[in-house]
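Visitor: Below are the C-alpha cells for one structure; questions will follow.
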Amino acid sequence: SEYQQLNKLKNPARDAQAVAMKLKGLGFTLIGRDGRPASGPVLNLDKRSFHRTVKHFARKTQGAEIAFVYYAGHGMQDSNQSYLLPVDVPKDDDVELILSESIGLEGILKRLDGQAQLTVAVFDACREIPELEDSIREITRSSGLGQSDFRGLARVKSKGRSRLVAFAGASGQLVK
C-alpha cells in the first residue's frame with residue numbers, strides 16, 4: 001500500500017489483513033518477513049525485503065500440506081512476463097529500469113515449487129499505474145505493442161508441481 005514514488009494504494013493492506021485473518025482462522029500459520037510465525041500479513045516490502053521474505057517463506061513451507069501466497073499491490077507485465085512492484089520501485093520514464101527493480105512472479109513460483117504438497121498463489125495486482133502511463137504509451141508507440149501488453153499479469157508459463165495460481169483479472173485487463 002505504501003509506495004514511495006507511485007501512488008499509495010488504499011485496498012492492499014486491508015485485503016491482505018482480511019485474507020490473513022481468514023487463513024489464520026482456518027488453521028494456517030502466518031509467516032512473517034523473518035520466517036517466524038506472525039500475527040498478521042507481511043506488508044509494504046521493498047525489493048530486498050521482498051526477496052528475503054519469499055526465501056524464508058519457501059523454507060518454512062517445506063513439507064507443509066498447503067502453502068498459500070496472497071499478493072495485493074501494483075503489478076505489470078512485459079513480454080508475457082509478470083512483475084510485482086515492491087514499495088520502493090522507482091517512478092521512471094524507463095520501463096526497463098522499473099522492471100529490473102521489480103519482482104518476477106515466475107521466480108516466486110519456482111522458489112515455492114516442491115516445498116509444500118500444494119501451493120496456492122493468489123495475485124490481486126492493481127494494473128493501472130497512472131504515474132507510468134506516459135512511459136508505457138511511449139514504448140507501445142515505437143514497439144507496435146498495445147498498452148494491454150504491459151497491463152495485467154501474464155499467464156504463468158512455467159510448469160510447476162502441485163500449484164494453483166489465481167489472478168484478480170485476465171491478462172491485459174485493468175483491475176483498479
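Visitor: Per residue, how much accessible surface does segment 57-109 expose to a 1.4 Å probe? Answer in Å², no decimals. Show your work: numbers first, answer last.
Guide: Numbers: 2170 Å² over 53 residues.
Result: 41 Å² of accessible area for each residue.
Visitor: Under 5 Å between amide H atoms, partner at least 5 residues away or on a different chain: which partners does TYR70 have, H built in plane at 1.01 Å?
Guide: Amide H neighbours of TYR70: VAL122.
Visitor: How large a share of the accessible area of segment 8-109, in percent, is made up of carbon and sulfur atoms when the probe is 1.4 Å and the other protein chains stay in place? It would help to have the intermediate numbers written out before the result.
Guide: On the way: 2530 of 5280 Å².
Whole-percent figure for carbon plus sulfur exposure: 48.
Visitor: Taking H as built 1.01 Å from N, whose amide H comes closer than 5 Å to the amide H of SER82, not counting residues under 5 places away?
Guide: The answer is LEU105, GLU106, ALA154.
Visitor: Read phi for every residue in segment 68-85 and hand back ³J(HN,Hα) as whole Hz from Karplus 6.51 cos²θ - 1.76 cosθ + 1.60, θ = phi - 60°, with x for Gly and Pro.
Guide: Going residue by residue, I get 10, 10, 10, 10, 10, x, 6, x, 7, 10, 8, 6, 6, 10, 9, 9, 9, 9 Hz, with x marking Gly and Pro.
The values are calculated or read from the model by the stated rules, or taken from the named source; none is laboratory data. From a predicted model like this one, the values you see are computed outputs, not experimental measurements. Remember, those area values only see protein heavy atoms, side chains included, never the ligands or the DNA or RNA. Shrake-Rupley method; radii C 1.70, N 1.55, O 1.52, S 1.80 Å.
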